Structures are given as C-alpha cells and as structure tokens.
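Novice: Pasting a structure here, questions to come.
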Amino acid sequence: MSQDLTVTGPSAAPAAPARRGARSRWRFVSLALAAFVALAGVRAITGQPMLTSPGTIQATLAFAVPIGLAGLGGVWAERAGIINIGLEGMMVLGTWFGAYFAYTLDNPWAGLVAGVLGGMAGGLIHAVATVTFGVDHIVSGVAINILAVGAMRYLSLLFFVDTPGGGAAQSPQLPEFPQIGLPFVAQVLAPVRESGTFLLADTASLITGLTTGMSVVTLLAILLAPLTFAVLWHTPFGLRLRSCGENPDAAESLGVPVYAYKFTAVVFSGGFAGMGGVFLAMVASSVYQEGQTGGRGYIGLAAMIFGNWRPGGLAMGAGLFGFTDALQVRGGGGAVHALLLLIALALLVGAAAVLAVAARRTRGT
C-alpha cells in the first residue's frame, strides 16, 4: 500500500478541482478590481483625492502588513486543525525580541530573525500544549497572550531601563531596514495623477504608492501570501498538512506523521506572527513599545475568516482593515464619509441581487 498522498489515475481526473481553483482565483481578482473601480468612481464623484492618493496606499500597506502576517499564521495553523488564538502573544514576542537583538547587535536583520524565532517559540509552546497534551486551543492561546505581555514587561525592566531612551515600557531607538522603490515612477506619473481623470489618475496613484518608499520587510511580507498559497495548495507537503486538519485519521492511515505536521504548521504560524511584530516595532515605528500590537493578532484572525481561510481572501481582508485605518489616521473625515457612501451603495446592490435571486427561485417553483 502506498504511503504517499499521491492520487493516481487518468490525467484528466484533477481537471474539475483545477477549474474550481482557477475560478476561485479569478473571483478574488475580479472582486479586487471591482472594489478599486468603485473606489475610483467615488473619488471622482465626491472629489476626495485622499481615497486613492499615494500616501493613502502607503499607509494602507503599513497597517495591512502586520494584520496580514498574523492572518497568514492563522491560515497555517487552522489548515492543520489547530486554532491559534495566541497570535497576539506571538506578535508581542516578535516585537520585543526583534527590538532587543536589533538594538544589541545594531543590525535590523538580526532583529528580524530574532523576532521570527521569538514568534516560533510561542508557536512551539502552543503546539506542545494543544497537540501533545490536548489542552483546549482557546485556553492555550489566551494563556500565551497573557503570559507574553507580562514576560516582555519583565524583560524590559531587566534590559531596557538603563539604556538611553529605553524604559520599562519601551526600547531605545532601533536601526531601520533599507527602503526600495522606483523614484522616477512618481515623477513620470505625476501629470496623470494631477489630471484627476477617472481610473487613470487612480491607477497612477496606486502604482506610485506601491513603487516608492517601500520597506524591504513590506515586500517580503507581500510575497509571503502567494508563497503560502503555492506551498499549501500546490505541493505534496501542503496536501499532507491540510489533510492533517481535515481528516487526521485518514492521513495517519496513509503514513502521514500527523503530529509532526501539526507541530510544523503551528511553529510556522508563530513565525509569521513574530514577523508581524517585528514590522510593528521596526518598520511602522522605530522603537518597541508595550501594547504595540493593539489587538492586531485578533484582527488577523478576523481577516483570515473574512478571506475564507485562503491567502487571497486574507489579503483582501487585511487590505480592507488597513485602508480604513489609513483613512482614520490621515484625518480624512470627508474621505471616510465618501467611503461610507460606497459601502451603502454596495449593500444596496447586494440586497437587490439577493431579492432578484429569490424572485427567480419563487417563479421556478
């Protein structure tokens, strides 16, 4: 009997699942394009350039990346059958360990590695508690969240109090990651942005925001979403990992080491959350501060559920949360009102579509 989860048979057999996967991907792309076009239309009607300005795009990325990284951690854990409520605590571990080693070694990359490893350590604790000892997933995650805050406070008292600029609740100034971009793009597209033309000006603003002043960590985080999709849905490793979450008994009967895959998924989950913590401490800010995560681990879980436990939908959910935060922080009161108009129109169209479908079904019966 084969010990591998490899499906044998005619080459045409996987055609239907492949078509479903392609339709799902195109659905995400279509929704994203439709949302952008609608946003551009609201910008043109209301005259609120902040809705699609390059600054708003950059701020959206800054707010969306830590949420998206926490959500990716949730995807890895939950696809293996483990609920990771402890993402918030793992992000806290990432913020502190990233800040400490970046400051001590005066190297931001050392901070990134340390923050990821700190988050992975939290994931390992969660895996030992839930997989090995069968502790309730929620109880273990909440315990990690509580203990992480207290432990990092204690470590701050030990290591940051006597440092210049540091204290019991914050670290000294941290080294920064390099930024990448294409500065000439902003100059070339400036006339198009200033023209205010529907969709053209908005597209130019989007391109400018995505190609100027981007941290290297931001680019790495963006690339992790398609990489996660490729690993979990297009490799034998991903197939086995997802089988451990969907039907662990069947996976074990085929020789898959279920416990090992669950451990791997939860540890990777903590690493993603730790990277999100490093982003908050060293990219979104330049110091570690107590309470810096601000519940983004929980918001990441919400974005993951919004995205149907898939990286593409998660990216859309994180972008939505990040966009609303960006408008709020940038003080765009008028832009927020315009966004509410867009949401109201979307709800109206959705309600009309539901009523139309219900009417057709009624006539069919």
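Novice: Looking at segment 219-230, is at least one residue in contact (Cβ under 8 Å) with a residue 24 or more places away in the chain, open to solvent by 40 Å² or more (accessible area, probe 1.4 Å) and farther than 30 Å from Ala190 by Cα?
Specialist: Within segment 219-230, one or more residues are in contact (Cβ under 8 Å) with a residue 24 or more places away in the chain, open to solvent by 40 Å² or more (accessible area, probe 1.4 Å) and farther than 30 Å from Ala190 by Cα.
Novice: I'd like the residue in segment 91-144 that is of a type in the set (S, T, N, Q) and surrounded by 21 or more Cβ atoms within 10 Å (Cβ to Cβ) and, out of all such residues, is farthest from Leu158 (Cα to Cα).
Specialist: Only one residue tops the list, namely Thr130.
Novice: Going by the conditions given, is Pro191 farther than 17 Å from Gly55 by Cα, in a helix (DSSP H, G or I), open to solvent by 60 Å² or more (accessible area, probe 1.4 Å) and not acidic (Asp, Glu)?
Specialist: The answer is no for Pro191.
Novice: Can Ala168 be described as exposed (fewer than 14 other Cβ atoms within 10 Å of the Cβ), touching a helix residue (DSSP H, G or I) at 6+ places or on another chain (Cβ under 7 Å) and over 22 Å from Gly68 (Cα atoms)?
Specialist: Spelling it out, Ala168 is indeed exposed (fewer than 14 other Cβ atoms within 10 Å of the Cβ), touching a helix residue (DSSP H, G or I) at 6+ places or on another chain (Cβ under 7 Å) and over 22 Å from Gly68 (Cα atoms).
Novice: Moving on. Please identify the pairs in which a residue from segment 168-194 that is hydrophobic (A, V, I, L, M, F, W, C) has its Cβ atom under 9 Å from the Cβ atom of a residue that is modelled with pLDDT under 90 and open to solvent by 40 Å² or more (accessible area, probe 1.4 Å), counting only partners at least 6 apart or on another chain.
Specialist: Ile180/Gly213
Novice: Output the number of the condition that Gly333 fails; it satisfies all remaining conditions of (1) in contact with a helix residue (DSSP H, G or I) (Cβ under 7 Å, 6 or more places away or on another chain); (2) without any contact (Cβ under 8 Å) to a residue 40 or more places away in the chain; (3) farther than 24 Å from Gly68 by Cβ.
Specialist: In the conditions (1) in contact with a helix residue (DSSP H, G or I) (Cβ under 7 Å, 6 or more places away or on another chain); (2) without any contact (Cβ under 8 Å) to a residue 40 or more places away in the chain; (3) farther than 24 Å from Gly68 by Cβ, Gly333 misses (1) alone.
Novice: Please determine whether any residue of segment 194-212 is in contact with a helix residue (DSSP H, G or I) (Cβ under 7 Å, 6 or more places away or on another chain) and on the phi > 0 side of the Ramachandran plot.
Specialist: The answer is yes, given that some residue of segment 194-212 is in contact with a helix residue (DSSP H, G or I) (Cβ under 7 Å, 6 or more places away or on another chain) and on the phi > 0 side of the Ramachandran plot.
Novice: Another question, if that's okay. Collect the residues in segment 48-60 that are crowded, with 24+ Cβ neighbours inside 10 Å and among the aliphatic types (A, V, I, L, M), keeping them in residue-number order.
Specialist: Leu51
Novice: Mind checking which pairs have a first residue in segment 232-244 that is in contact (Cβ under 8 Å) with a residue 60 or more places away in the chain and a second that is assigned to a helix (DSSP H, G or I) and among the hydroxyl-bearing types (Ser, Thr, Tyr), Cβ under 7 Å, 6 or more apart or different chains?
Specialist: Matching pairs, first to second residue: Arg240/Tyr261; Leu241/Tyr261; Cys244/Tyr261.
Novice: Determine whether segment 72-90 contains at least one residue that is touching a Phe, Trp or Tyr at 6+ places or on another chain (Cβ under 9 Å), farther than 22 Å from Cys244 by Cβ, open to solvent by 10 Å² or more (accessible area, probe 1.4 Å) and part of a helix (DSSP H, G or I).
Specialist: Yes - at least one qualifying residue is present in segment 72-90.
Novice: Next question. Can you tell which of Phe101, Phe177, Phe97 is part of a loop (DSSP other than H, G, I, E, B) and modelled with pLDDT of 95 or more?
Specialist: Only one candidate qualifies: Phe177.
Novice: Name the single residue that is farthest from the chain's Cα centre (by Cα) among those in segment 42-98 being of a type in the set (S, T, N, Q) and over 29 Å from Val161 (Cα atoms).
Specialist: Of everything passing the filter in segment 42-98, Thr46 is farthest from the chain's Cα centre (by Cα).
Novice: Moving on to the next point. Please work out if Ile45 is assigned to a loop (DSSP other than H, G, I, E, B) and open to solvent by 50 Å² or more (accessible area, probe 1.4 Å).
Specialist: no
Novice: Looking at (1) closer than 25 Å to Leu87 by Cβ; (2) open to solvent by less than 50 Å² (accessible area, probe 1.4 Å); (3) of a type outside the set (Phe, Trp, Tyr); (4) part of a helix (DSSP H, G or I), can you tell me which one Thr208 breaks?
Specialist: Only one criterion in (1) closer than 25 Å to Leu87 by Cβ; (2) open to solvent by less than 50 Å² (accessible area, probe 1.4 Å); (3) of a type outside the set (Phe, Trp, Tyr); (4) part of a helix (DSSP H, G or I) is unmet by Thr208, namely (1).
Novice: OK, next. Among the residues that make up segment 256-274, is at least one of them closer than 30 Å to Leu39 by Cα and under 26 Å from the mean Cα position of the chain (by Cα)?
Specialist: Looking through segment 256-274, none of the residues is closer than 30 Å to Leu39 by Cα and under 26 Å from the mean Cα position of the chain (by Cα).
Novice: Further, regarding this structure: Leu69 is checked against (1) surrounded by 24 or more Cβ atoms within 10 Å (Cβ to Cβ); (2) not in a helix (DSSP H, G or I) and fails just one. What number does that condition carry?
Specialist: (2)
Novice: Still on this structure, please answer the following. Just checking, which of Thr95, Thr46 is at negative phi and touching a Gly at 6+ places or on another chain (Cβ under 7 Å)?
Specialist: Testing whether each residue is at negative phi and touching a Gly at 6+ places or on another chain (Cβ under 7 Å) leaves just Thr95.
Novice: Please indicate, with yes or no, whether at least one residue in segment 273-283 is surrounded by fewer than 20 Cβ atoms within 10 Å (Cβ to Cβ) and either modelled with pLDDT of 95 or more or in contact with a strand residue (DSSP E or B) (Cβ under 8 Å, 6 or more places away or on another chain) (or both).
Specialist: Checking segment 273-283: not a single residue is surrounded by fewer than 20 Cβ atoms within 10 Å (Cβ to Cβ) and either modelled with pLDDT of 95 or more or in contact with a strand residue (DSSP E or B) (Cβ under 8 Å, 6 or more places away or on another chain) (or both).
Novice: Within segment 284-306, track down each residue that is surrounded by fewer than 22 Cβ atoms within 10 Å (Cβ to Cβ) and either charged (D, E, K, R) or farther than 19 Å from Val92 by Cβ (or both).
Specialist: Result: Glu290, Ile305, Phe306.
Novice: Output the number of residues of segment 312-347 satisfying the condition of being in a loop (DSSP other than H, G, I, E, B) and either among the hydrophobic types (A, V, I, L, M, F, W, C) or open to solvent by 70 Å² or more (accessible area, probe 1.4 Å) (or both).
Specialist: 1
The values are calculated or read from the model by the stated rules, or taken from the named source; none is laboratory data. Everything numeric here is computed off the predicted structure, so don't read it as measured data. Neighbour counts are summed over all protein chains in view; Cβ atoms, including those assigned to glycine, are modelled from backbone coordinates with ideal geometry. Side chains included, ligands, DNA and RNA excluded: accessible areas come from the protein's heavy atoms. Shrake-Rupley method; radii C 1.70, N 1.55, O 1.52, S 1.80 Å.
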